[in-house]
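These notes are about the structure you will find just below.
The values are calculated or read from the model by the stated rules, or taken from the named source; none is laboratory data. This one's a predicted model, so the numbers in the text were calculated from it and none came from an experiment. Neighbour counts run over all protein chains shown; Cβ positions are idealised from the backbone, glycine included.
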């Protein structure tokens, strides 16, 4: 087992995503160049040819149209070899009639997994957990979700987080609990007493009080 002191901390929210070079099923990539200004969902899985991971890859494939619409690139990662990845991708495509159109990193030396803190040694000293990193077009980590090996990811939540983050950036608003596309958003709170007074008189807002107001936005 590696000394825990040697394991880099996982990048936090607002941190730049670590850059790296890696072998993938689409060839060698340097992450910063491959990203090319796109949003990226970088996700790890414990191992190829395992049941939960297989169901997840099928779901990622089914989201290809959604990801294209949102201009999000998928990038998978595990510590399996490139040959294992190729065989598994071919098996998934054959058995489930889907297309695995995104690259998968062959992280045999765990370099990428450890840079992103995907390996949780109390769970496993070698295999990544089910991490999901949401990285915006400027290379900043905006959200992170991790699941244990025994629990598959919620793809509804993955889509919701992408939509919410993009709405926040585009509209300068916040998203309330359980927000989904089409729901009202929260407008930024006022910063002066005058703004608070004006807020309460604004007919365009659904106001609970001066500090909590919602509005509908156009798609």
Would segment 89-97 turn up any residue that is touching a strand residue (DSSP E or B) at 6+ places or on another chain (Cβ under 6 Å), assigned by TED's automatic domain parsing to the domain that holds residue 66, under 19 Å from residue 41 (Cα atoms) and modelled with pLDDT of 95 or more? no
Which numbered condition residue 72 misses (of (1) touching a residue at least 60 places away in the same chain (Cβ under 8 Å); (2) within 22 Å of residue 120 (Cα to Cα); (3) crowded, with 20+ Cβ neighbours inside 10 Å; (4) in contact with a helix residue (DSSP H, G or I) (Cβ under 7 Å, 6 or more places away or on another chain)): (2)
If a residue must be surrounded by fewer than 10 Cβ atoms within 10 Å (Cβ to Cβ) and modelled with pLDDT of 95 or more, how many such residues does segment 169-190 contain? 3
Identify all residues within segment 119-140 that are buried (at least 21 other Cβ atoms within 10 Å of the Cβ) and modelled with pLDDT of 95 or more; write none if there are none. 130, 131, 133, 134, 135
Please give the helices (runs of 4 or more DSSP H) falling wholly within segment 1-117 in which 2 or more residues are farther than 28 Å from residue 138 by Cβ. 51-62, 82-96
